[in-house]
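Scroll down for the structure; my scribbles are underneath it.
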């Protein structure tokens, strides 16, 4: 595997399935060594094995990034195992939809913990190493890519707290982009529409049929479609900064 990312290291959260797994495989295909971070060790090992079978380098790191200690440990393990850090993809996410007034205790907290705090903890731990890579690394640039959602642009009934977290990710990404610009750490946000992943299965069972009915006419995006967007961002030449990518399913109107 030889390509634009040769000699670099990427860390991907939520890498045990869906967009995270597809992104990890794609970045490995572009030449990066990849640290895979998630809670499900067995699934991580499957993804790592698939990368290694194709000649790539992958390190599975079991961690819960919703704690600062877990995020810090994940970044430390990536550095210890792979030696540096040039790219971070904050992909881990939770989507628990349903009317705000009826949401059971714990749902709001789970989305805030994963979508906001987890992203902040990983970013904080990784940023000094990204700054170093941008100054000294083979590409003289580094990338932080935050996976948001079309829900970070368009609010709809039943997704109020999810909207809150994803609008927040968009705002944070833009502010941090401006802070990091002079240091050549490129900060990007990707806003996928409907993607065929496990995310919808997080919805409470009694609401699942209604959610599926709303999107049954849509040909969903595939995880590889979003991995393509990540790869486009991070393989761009140093002079190019792709700050925002909004990817809807072709049938999706909102």
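Quick check on the range 100-113: of everything there that is outside any loop (DSSP other than H, G, I, E, B) and out of contact with any helix residue (DSSP H, G or I) (no Cβ under 9 Å at 6 or more places or on another chain), which residue is nearest to residue 166 (Cα to Cα)?
113
Which is in contact with a helix residue (DSSP H, G or I) (Cβ under 7 Å, 6 or more places away or on another chain), surrounded by 24 or more Cβ atoms within 10 Å (Cβ to Cβ) and within 25 Å of residue 181 (Cβ to Cβ), of 116, 97, 75?
When all the criteria are applied, what remains is 75.
Return yes when residue 80 is without any contact (Cβ under 8 Å) to a residue 12 or more places away in the chain, over 16 Å from the mean Cα position of the chain (by Cα), closer than 24 Å to residue 135 by Cα and assigned to a helix (DSSP H, G or I) and no when it is not.
Criteria met by residue 80.
Being assigned to a loop (DSSP other than H, G, I, E, B), closer than 28 Å to residue 240 by Cβ and more than 17 Å from the chain's Cα centre (by Cα) is true for just one of 7, 93. Which residue is that?
7
What is the one condition in (1) over 11 Å from residue 227 (Cβ atoms); (2) surrounded by fewer than 24 Cβ atoms within 10 Å (Cβ to Cβ); (3) modelled with pLDDT of 95 or more that residue 4 does not satisfy?
Checking residue 4 against (1) over 11 Å from residue 227 (Cβ atoms); (2) surrounded by fewer than 24 Cβ atoms within 10 Å (Cβ to Cβ); (3) modelled with pLDDT of 95 or more, the one that fails is (3).
Keeping to the range 106-162, report how many residues are out of contact with any strand residue (DSSP E or B) (no Cβ under 8 Å at 6 or more places or on another chain) and touching a residue at least 60 places away in the same chain (Cβ under 8 Å).
The total comes to 11.
Which numbered condition trips up residue 156, out of (1) within 16 Å of the chain's Cα centre (by Cα); (2) surrounded by fewer than 20 Cβ atoms within 10 Å (Cβ to Cβ); (3) assigned to a loop (DSSP other than H, G, I, E, B)?
(1) is the only condition that residue 156 fails.
For (1) at pLDDT 95 or above; (2) under 17 Å from the mean Cα position of the chain (by Cα); (3) surrounded by 16 or more Cβ atoms within 10 Å (Cβ to Cβ), each residue gets a yes or a no:
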| position | (1), (2), (3) |
| --- | --- |
| 128 | yes, no, no |
| 137 | no, no, yes |
| 165 | yes, yes, yes |
| 178 | yes, no, no |
| 182 | yes, no, no |
| 191 | yes, yes, yes |
| 205 | no, no, no |
| 208 | no, no, no |
| 235 | yes, yes, yes |
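I'm trying to understand the selection: among the residues of the range 135-153, which are assigned to a helix (DSSP H, G or I) and under 20 Å from residue 244 (Cβ atoms)?
Residues satisfying the conditions are 150, 151, 152.
Checking the structure you have, find out if any residue of the range 37-46 is more than 26 Å from residue 194 (Cβ to Cβ), touching a helix residue (DSSP H, G or I) at 6+ places or on another chain (Cβ under 8 Å) and buried (at least 24 other Cβ atoms within 10 Å of the Cβ).
no
The values are calculated or read from the model by the stated rules, or taken from the named source; none is laboratory data. What you see is a predicted model, and the numbers here were worked out from it, not measured in a lab. Quick reminder, even Gly has a Cβ in these numbers, built from the backbone with ideal geometry, and neighbours come from all protein chains shown.
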